[in-house]
Every structure is written in structure tokens, then in C-alpha cells.
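Below: the structure, in C-alpha cells.
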Amino acid sequence: MQDYIQERVLEISQYILDTKATVRQVAKNFGVSKSTVHKDITERLPLIKPDRAKDIKKILNQNKAERHIRGGEATRKKYSQPHEIDESEIDQEKELIKENSSISN
């Protein structure tokens, strides 16, 4: 395994231990894909530090068990925000209605 990969695996694992972050959060923070984070944690980390890999697995399992709750909170937050109406969109809709009504006449 190349040194930079091994270093990334150790940094990611320490970050997860410190923050209890999700794979998505880790990927965003480190600028890598979720697939890379997953592979680093599930395949590479056990080869480097098996004990740490066990601790990380517990955190990832907890995150996985809680993800339906986080998803529900995100949806609730999204739809609880008041929807702003863009006046230009209304004007465009009115023009389309006028055009369609003049075509059918």
C-alpha cells in the first residue's frame, strides 16, 4: 500500500473516532468519494490497525442504524421552510397561458 493511502486511512479513521462522522461527511471533508472512504475503512484499515478498525466499525454501524432518522429530519427541515415565489416565473406562466389560449382559438 502506498504511503499517502496509508496516511489517509489513518487520518480518516482518527477523524471518525473524534467526530463520529458519517461516511458522507468524511468524504466531503477529505475531498474523496464515499466509495474511497468505505474501502479505506473496511478493507485497508483492518490491515493497518485492526483494533481501530473494530472501533470504527461500531461507529459506522451506529450511523447506519440512525440514518433513517437523519433522513427524516432533513426532509422535515426542507419542507418546513417557506417556499419563495419568483415573480418572473409567474410572469412566464401567464405568458404561456396567453399563448396557449390564443393558439386554441
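The values are calculated or read from the model by the stated rules, or taken from the named source; none is laboratory data. Because the structure is predicted, anything quoted here is derived from the model rather than measured. Cβ coordinates were reconstructed from backbone atoms using ideal geometry, including for glycine residues, and neighbour counts include every protein chain displayed.
Side notes on the structure shown:
Residues checked against (1) touching a Lys or Arg at 6+ places or on another chain (Cβ under 9 Å); (2) among the hydrophobic types (A, V, I, L, M, F, W, C):
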{"site": "Gly31", "(1), (2)": "no, no"}
{"site": "His38", "(1), (2)": "no, no"}
{"site": "Glu43", "(1), (2)": "no, no"}
{"site": "Pro46", "(1), (2)": "yes, no"}
{"site": "Lys64", "(1), (2)": "no, no"}
{"site": "Lys78", "(1), (2)": "no, no"}
{"site": "Leu96", "(1), (2)": "no, yes"}
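- Ile85, sole failed condition from (1) assigned to a helix (DSSP H, G or I); (2) at pLDDT below 90: (1)
- Considering only residues in segment 13-47 that are outside any helix (DSSP H, G or I) and polar (S, T, N, Q), the one that is surrounded by the fewest Cβ atoms within 10 Å (Cβ to Cβ) turns out to be Ser33.
- Residue match in segment 48-68 (condition: in a helix (DSSP H, G or I), loosely packed, with under 14 Cβ neighbours inside 10 Å and at pLDDT below 75): yes
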